[in-house]
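Beneath this line is the structure, given in structure tokens, with notes to follow.
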Amino acid sequence: MVGVLAVLGLFAAAGAIVLYGLATKPNRFAVRELGLDEIDDYLDRKASFAIKIVETTPLPRKEVWERLTEAEYLTTLPFLRGPSWAPDTGDPDGDWHSVRVGSERSMSGTILSVGQRVVEVVDGERLTLTGTGVSVPFAIKNFAERFTIVDGARSRTVTVIWEIGGSPRWIGFLPWRWGAPFMRPILGFVLRHVLRLKPFRRPSVDHPAA
């Protein structure tokens with residue numbers, strides 16, 4: 001029995017090392033990208049797993065939007081990094097953080113990283129992204145994410161609605177949505193972290209002098 005456990009432990013350690021190495025490349029294995037016209041139905045019905053997190057904050061709408069499109073808010077959490085926007089994110093005037101349709105970003109953890117592409121931008125109101133790739137093979141079929149900012153019920157507040165949906169490649173038929181109540185506290189903590197009162201440091205990019 002001890003020998004079996006030792007062998008299983010060895011395999012688990014080897015697998016963790018492999019996943020750790022793969023996690024450095026978020027788009028190593030492509031997933032099926034979703035078009036904007038698919039997102040509503042995907043999040044409402046087609047995704048194997050989907051969840052909606054809602055939080056209200058006294059932060060100004062502009063600050064919330066800038067955090068979602070500029071700050072690497074996951075980097076200040078243990079074992080996570082990102083979102084990191086691709087170097088070409090920006091507009092012709094050099095406003096590097098001006099997120100637009102087609103902009104790409106990545107997020108990474110210890111054993112998994114993912115790539116995303118923006119499919120919808122409504123400045124100060126909505127940011128919608130489709131998954132482009134993951135670091136682990138044969139794991140994810142597709143995934144999507146959407147942030148919506150609306151006026152809060154109380155004056156001088158805004159409410160952020162964070163929707164996430166995803167489908168595994170082989171076992172998407174299982175009732176993954178039943179797991180939403182277990183994920184809600186974790187994702188709720190992440191969104192509250194994004195909306196914390198303490199400001200995040202913004203990545204700085206030096207532009208060449210004209």
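Of all residues in the stretch 139-157 being part of a loop (DSSP other than H, G, I, E, B) and among the hydrophobic types (A, V, I, L, M, F, W, C), which is modelled with the lowest pLDDT?
From the stretch 139-157, those part of a loop (DSSP other than H, G, I, E, B) are 139, 152-157; that's our starting set.
This time we only want the ones that are among the hydrophobic types (A, V, I, L, M, F, W, C), so: 139, 153.
Details: Ala139: 85, Ala153: 92.
Result: Ala139.
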Near pairs, Cβ below 6 angstrom, 6+ apart or cross-chain, from the stretch 175-189 (over 17 Å from Lys46 (Cβ atoms)) to any residue that is surrounded by 10 or more Cβ atoms within 10 Å (Cβ to Cβ):
Met183/Ile51; Leu187/Ile53; Gly188/Ile53
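For Leu174, are the conditions met, namely being within 25 Å of Phe138 (Cα to Cα) and either of a type in the set (D, E, K, R) or at pLDDT 95 or above (or both)? If you could, list the steps in order and put the result at the bottom.
Numbers: within 25 Å of Phe138 (Cα to Cα): yes; either of a type in the set (D, E, K, R) or at pLDDT 95 or above (or both): no.
No; evaluated as a whole, the condition is false for this residue.
Being β-branched (Val, Ile, Thr) and either buried (at least 21 other Cβ atoms within 10 Å of the Cβ) or more than 24 Å from His193 (Cβ to Cβ) (or both) is the filter; apply it to the stretch 141-178 and report the residue that is nearest to the chain's Cα centre (by Cα).
Here is the first cut: in the stretch 141-178, the ones β-branched (Val, Ile, Thr) are 148-150, 157-161, 164, 171.
Filter once more, so that each one left must be either buried (at least 21 other Cβ atoms within 10 Å of the Cβ) or more than 24 Å from His193 (Cβ to Cβ) (or both): 158, 160, 171.
Numbers: Val158: 21, Val160: 15, Ile171: 22 Å.
Residue satisfying both the conditions and the ranking: Val160.
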So which residues in the stretch 107-128 are surrounded by 21 or more Cβ atoms within 10 Å (Cβ to Cβ) and touching a Pro at 6+ places or on another chain (Cβ under 9 Å), if there are any at all?
Ser108, Ser113, Val114, Gly115, Gln116
Can you name the residue in the stretch 36-57 that is hydrophobic (A, V, I, L, M, F, W, C) and in a helix (DSSP H, G or I) and is also surrounded by the fewest Cβ atoms within 10 Å (Cβ to Cβ) among such residues?
Leu36
Pull out all pairs, ordered by first then second residue, where Cβ-Cβ is under 9 Å, the residues are six or more apart or on different chains, the first lies in the stretch 69-83 and is in a loop (DSSP other than H, G, I, E, B), and the second is among the basic types (Lys, Arg).
Glu70/Arg202; Ala71/Arg201; Ala71/Arg202; Glu72/Arg81; Glu72/Arg201; Glu72/Arg202
Exactly one condition in (1) modelled with pLDDT of 80 or more; (2) touching a Gly at 6+ places or on another chain (Cβ under 9 Å) is not met by Pro87; state its number.
(2)
Answer with yes or no whether Phe200 is surrounded by 12 or more Cβ atoms within 10 Å (Cβ to Cβ) and in contact (Cβ under 8 Å) with a residue 24 or more places away in the chain.
yes
Out of Val160, Val136, I need the residue that is outside any strand (DSSP E or B) and hydrophobic (A, V, I, L, M, F, W, C). Which one?
Val136
Looking at the stretch 110-130, can you tell me whether even one residue there is in contact (Cβ under 8 Å) with a residue 60 or more places away in the chain and assigned to a helix (DSSP H, G or I)?
no
Determine which single condition Ser106 fails, assuming it passes every other condition in (1) polar (S, T, N, Q); (2) within 16 Å of Ala71 (Cα to Cα); (3) part of a loop (DSSP other than H, G, I, E, B).
(3)
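The values are calculated or read from the model by the stated rules, or taken from the named source; none is laboratory data. Quantities reported herein were computed from a predicted structural model and do not represent experimental measurements. Reconstructed Cβ throughout: ideal geometry from the backbone, glycine too, with neighbour counts over all protein chains shown.
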